[in-house]
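The values are calculated or read from the model by the stated rules, or taken from the named source; none is laboratory data. All values derive from a computational prediction rather than experimental measurement. FYI the Cβ positions are ideal-geometry reconstructions off the backbone, even for glycines, and counts take in every protein chain you see.
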Amino acid sequence: MREFVRHPSDIPLAVKILSETGSRQAHLQDVSVAGLSCVVAREIKAGSRVEFYVPSVSDESSGRGTVMWCRPKRDKYQLGIQFHAGKDAFRAKMVEQLCQIEHYRREVETLEGRFLTSEEAASEWISRYAADFDRLFPLD
């Protein structure tokens, strides 16, 4: 059994190596209170310190971490990023919640044919899932 609960996601992510300029497009695979996994086109070496953000939510940093591993995955690379402590874990939780809301919005559109604004999706998601989310994604 895993130490941390993972939450699957399908949200675009941007990863910036702190020692370089520019950022790389990534696809978020999953996120937990300890870190996240994403897929990028080019290798990022283990030990690299990175900053990440969700472009569909904000161009501001969502958190920082360290690349713990980088594995080839078909013609791309899968990264494991460990969050830095404290504030970054809280930010990651907020990003995960926003990702879950966006996933819910897309799912409702696909399965039910309802088109929700981000605010409508957030309101519905919070009323249905927020209590479970806090239980499954604790910060302590």
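The table below gives the values:
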read-out	value
Any hit, the stretch 108-116, residues being outside the structural domain of Ser62 (by TED's automatic domain parsing) and at pLDDT below 85	no
Among (1) modelled with pLDDT of 90 or more; (2) more than 21 Å from Ile17 (Cβ to Cβ); (3) of a type in the set (Ser, Thr, Tyr) - the single one Ser48 does not satisfy	(2)
In the stretch 13-28, the residues that are closer than 14 Å to Val67 by Cβ and part of a strand (DSSP E or B)	Leu13, Val15, Lys16, Ile17, Arg24, Ala26
Residues satisfying the stated conditions in the stretch 31-74, i.e. more than 13 Å from Val15 (Cα to Cα), in a strand (DSSP E or B) and in contact with an Asp or Glu (Cβ under 9 Å, 6 or more places away or on another chain)	Val31, Cys70, Pro72
Pair list, Cβ under 6 Å, 6 or more apart: the stretch 2-29 residue at pLDDT below 60, other residue not hydrophobic (A, V, I, L, M, F, W, C)	Phe4/Ser32; Arg6/Asp30; Arg6/Ser32; His7/Glu96; Pro8/Asp30
